[in-house]
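In what follows, a single structure is set out as structure tokens and then discussed.
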Ligand code: PMP
């Protein structure tokens, strides 16, 4: 083994990059490593980590349904009825009647003709983009798009041009310059996963029409979060019917795992029959499907959840700003708190944890250099007391690290 390791330090050994990867170890040695922390228990809003009970301020469980007795019971019943897994792809032996029921219900909910499920949100975007954009096509992709969109563009045979985040002037220029005979699709997050900002859907719809392009929204953080009845980012502007394809995930508001794409029947059927991520991967397990069906029902019945989520997001944005924090231009329950340099961010993370709050440390390359941040995100099930404890922890740690001053001003750029 030792010999294998020493040979791996040679540049020509393909493993050399792994044996030379020491960054995580160095940060662990300083006691500041914030990743892969195991949760020993959770009730959704509070979690137990390293024996300590802390408030969860970093989950995508927006509607607070992961620990709801109704979703748990629905999942349990599905386990009893169908067993633990489908052991095959949708194409072959892995389609259950409940998969079809969920596709029908989601198409109806999203006001689109048809829906196709994937086994993760990641696969949904990677697999759909790769399939719909081929040779001689051009993908126009926002620079802040999620990694699964980026990978989808890389594995497609299409040409990809990237525009600066939400920069509609640059997108127009790129569309103007593009081959008018090429097939074109604009792809963007509907709500951006780190900044919490909304895509400029009205302008995107306008540009797509003007330049004969199709529009694809990744609404992973938008369906079940924003828009009329939680119908996503296009619905915020009343433009759902103007968007060609909308994807979503079940790993956030829907308290499960899996993803979906809605659009015109012909396009969905094409993707269903051609996407490698759909055809060559086992289908969503029964309990996951049942959880989403129940969550969709609860979303529609208990409209207070979306109202509460919006109220919480507005409150936290206002209060964090009043303390002096830079929260960028968040427009959703994702609220980034900018800290600055990476190590400072890790120190901040640790102190926040000691104060009883868990948030997610996000560092380059996920964010620009010097803009490391704590990504906070909120749930309809957070109580006022949780929110005030989160704010107090940020205030204390923000003052300690000199990120804010006592007059509610930021001390960083
Ligand atoms: N799209 C966006 C914008 C995301 O943030 C994520 C995951 N955070 C995904 C897609 C992938 O979804 P999943 O984790 O459900 O695979």
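State the number of residues belonging to the stretch 111-142 that are closer than 17 Å to residue 215 by Cβ and within 16 Å of the ligand (Cβ to nearest atom). Final tally of qualifying residues: 7. Taken as a whole, the structure leaves residue 370 outside the set of residues that are farther than 24 Å from residue 194 by Cβ and part of a loop (DSSP other than H, G, I, E, B). Note on the stretch 185-195: among residues that are in contact with a helix residue (DSSP H, G or I) (Cβ under 8 Å, 6 or more places away or on another chain) and within 14 Å of residue 219 (Cβ to Cβ), the one that is nearest to the ligand (Cβ to nearest atom) is 189. Here the helices (runs of 4 or more DSSP H) wholly within the stretch 238-334 that include at least 3 residues being more than 16 Å from the ligand (Cβ to nearest atom), at negative phi and at pLDDT 95 or above are 265-274, 286-301, 304-323. Restricting attention to the stretch 151-169 and to residues that are more than 19 Å from the chain's Cα centre (by Cα) and over 23 Å from residue 127 (Cα atoms), the residue that is surrounded by the fewest Cβ atoms within 10 Å (Cβ to Cβ) turns out to be 169. The set of residues in the stretch 100-124 being in contact with a strand residue (DSSP E or B) (Cβ under 8 Å, 6 or more places away or on another chain) and free of Cβ contacts under 8 Å to residues at least 12 places away in the same chain consists of 104 alone.
Evaluate the stretch 217-229: report whether one residue or more is closer than 26 Å to residue 134 by Cα, surrounded by fewer than 22 Cβ atoms within 10 Å (Cβ to Cβ), away from the ligand (no atom under 16 Å from the Cβ) and at pLDDT 95 or above. Among the residues of the stretch 217-229, not one is closer than 26 Å to residue 134 by Cα, surrounded by fewer than 22 Cβ atoms within 10 Å (Cβ to Cβ), away from the ligand (no atom under 16 Å from the Cβ) and at pLDDT 95 or above, which makes the answer no.
Restricting 38, 34 to residues that are surrounded by 15 or more Cβ atoms within 10 Å (Cβ to Cβ), modelled with pLDDT of 95 or more, in contact with a strand residue (DSSP E or B) (Cβ under 9 Å, 6 or more places away or on another chain) and not assigned by TED's automatic domain parsing to the domain that holds residue 278 narrows the list to 34. Hey, does the stretch 173-184 have a residue that's within 16 Å of the ligand (Cβ to nearest atom), in contact (Cβ under 8 Å) with a residue 12 or more places away in the chain and not assigned by TED's automatic domain parsing to the domain that holds residue 335? Taking every residue of the stretch 173-184 in turn, none turns out to be within 16 Å of the ligand (Cβ to nearest atom), in contact (Cβ under 8 Å) with a residue 12 or more places away in the chain and not assigned by TED's automatic domain parsing to the domain that holds residue 335.
Taken over the stretch 44-99, the criterion of being part of a strand (DSSP E or B) and either closer than 19 Å to residue 257 by Cα or in contact with a strand residue (DSSP E or B) (Cβ under 8 Å, 6 or more places away or on another chain) (or both) is satisfied by 46, 47, 48, 49, 53, 54, 55, 56, 58, 89. With respect to being surrounded by fewer than 17 Cβ atoms within 10 Å (Cβ to Cβ) and at pLDDT 95 or above, residue 413 falls outside the description. If you check residue 205 against the conditions, is it farther than 24 Å from residue 155 by Cβ and free of Cβ contacts under 8 Å to residues at least 40 places away in the same chain? Yes; evaluated as a whole, the condition is true for this residue.
The values are calculated or read from the model by the stated rules, or taken from the named source; none is laboratory data. Remember, it's a predicted structure, so these values are computed and weren't measured experimentally. Reconstructed Cβ throughout: ideal geometry from the backbone, glycine too, with neighbour counts over all protein chains shown.
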